[in-house]
Structures are given as C-alpha cells and as structure tokens.
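Inspection log for the structure reproduced underneath, given as structure tokens.
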Amino acid sequence: MKQNKLSGRRLIVSLLIILLIPLTTLFAARTAGGRSYYLVSVLIIFYTMIPFFLVFEGRRPQARELVILAVMCAIAVFSRALFIWLPHFKPMVAVIMITGIAFGPEAGFLSGAISGFVSNFLFGQGPLTPWQMFAYGMGGFVIGLLYRLGLLKRRPVPLAAAGAVCVLVVVGPLLDTGSLLVMAAEVTKESAAAIYLSGLPVNVIHATATALTLLLVSDAMFEKLDRIRIKYGMMEAKG
C-alpha cells in the first residue's frame, strides 16, 4: 500500500498544534487553577481537527471516513474500559497507534484526543484530562509519523517494540508531567523526581499492555482497515 509523503504544510500545521495544545493546557492550569478542564478538552479536540482536515487539501473528507475514525475511537475507549479491573493495564494507546498508522498521524492524534476525553466519562474527568488527551494523541501521532516516513514497519514484533518505547519515552512522561503540574504545589527537583520515579512502574505496565496488544491484534486490524481503504479509497490525501 502506497504511503503518502508528508507535505511541508502538513508537517508545519501538525507541529503548531503539538505546541499549541500544551501551551493552552499550561495557561488554563495557571490562570484557572485547573478548573477549566472541560473547556480545555474541547479546545484540544478543535485543535486536533485542524491538521486532520487540512490533510484533505483537494476535497472534503467523506462521511465513511469520519465514521470509521469514530469506530476506531469507540474500540479504543472499549479497550480501556475492558481492563478497568486491572490497574494501569490499558491497551487503548495501541488502538490509537494502529489508527495513526492506518490513516495518518493527524488521524492518530485526533483519535487519541477524543478517546482520552470520552473514556474519562467512565474513569472520571478532571484536571489531568487535557494532559491525557495530549499524551494519547501524541502516541498516535508519533507512531503514525514514523510509519509515514518509512522508519517503522507494520510487522507485529517491531511495531510492538516501537509502541512500548513510545509509551515509555513519550506518552508516559507526558502523563507524569501533567501529574507533576497538577499535584505539586511547587515544582522542585524533589517533587519532579518523586512524580517521575513513582510513574515509572505505571509506565512499564502501560508499555507492556501496548506491546502485547500490538503484537496480538495489529495484523488482524490492519487487514480489515486495508480492505476498507482499498474498497472506498479512504483517507487518501493529496499533496
């Protein structure tokens, strides 16, 4: 299946959104004491829609493309809820990464942001919600970008390894940073060390769940998604 090259416009807009989201989250946390997380969550979803729709430079996205993206978000939310009994073992980011590979990094980011927001209606909304949306979105964006650039293959073993590393290096530290800024009265070396060290076992469990999910189900999901793409010409952006 032919991969789309990253246009300069596509990359610049995506990078702007990646910078805009944490700045908005930080501003809201500092000015509203973290109480405006619903507003920030909606803004994040709006921000992530900008690069997603700009991918379709020559046409509007079809309804079926939005439907399949909604289905992937629903699967991601279900996968998180399914393991509610097992602390920190959440396969959701793996589904988000699969979305980023199958439909592009922008779709992966949007899927992560929406899945994080919707799933928290089950797990509880709060000041950490915007950070979770950003972190999960980054998981889909980074893996989708690596695949789009030809640096990552869709084979289960390398994909599982890349997913685990992404959780340990990107997703987990972003979640820990959110916890640090929300929970610590003052950010110091001691408080940062306590948060990041206590978050390491959690991130390892999260990375394990991500790797196992990618190892076991990625091939089957890609097969189904490829059929949809080929049959309907979905997510085929110009430029």
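Could you check Leu66 against (1) buried (at least 21 other Cβ atoms within 10 Å of the Cβ); (2) under 17 Å from Asp226 (Cα atoms) and say which number it fails? Every listed condition holds for Leu66 apart from (1). Residue pairs whose Cβ atoms lie under 7 Å apart, sitting 6 or more positions apart in sequence or on different chains, and linking a residue in region 22-43 that is on the phi < 0 side of the Ramachandran plot to a partner that is among the aliphatic types (A, V, I, L, M) and modelled with pLDDT under 75, are Ser36/Ala28; Val40/Ala28. Checked against (1) in contact (Cβ under 8 Å) with a residue 12 or more places away in the chain; (2) over 30 Å from Arg64 (Cβ atoms), Met221 passes all but a single condition, namely (2). How many of the residues in region 97-125 are on the phi < 0 side of the Ramachandran plot and either of a type in the set (A, V, I, L, M) or assigned to a loop (DSSP other than H, G, I, E, B) (or both)? Of the residues in region 97-125, 11 are on the phi < 0 side of the Ramachandran plot and either of a type in the set (A, V, I, L, M) or assigned to a loop (DSSP other than H, G, I, E, B) (or both).
In region 168-184 there is at least one residue matching the filter, namely being more than 19 Å from Gly139 (Cβ to Cβ), assigned to a loop (DSSP other than H, G, I, E, B) and either at pLDDT below 95 or among the polar types (S, T, N, Q) (or both).
Of all the listed residues (Val167, Val171, Val202), the sole one being crowded, with 20+ Cβ neighbours inside 10 Å, within 23 Å of Trp85 (Cβ to Cβ) and touching a His at 6+ places or on another chain (Cβ under 6 Å) is Val167.
The values are calculated or read from the model by the stated rules, or taken from the named source; none is laboratory data. Since the structure is predicted, the reported quantities are computational estimates derived from the model, not experimental observations. Cβ: placed from backbone, ideal geometry, glycine included. Neighbour counts: every protein chain shown.
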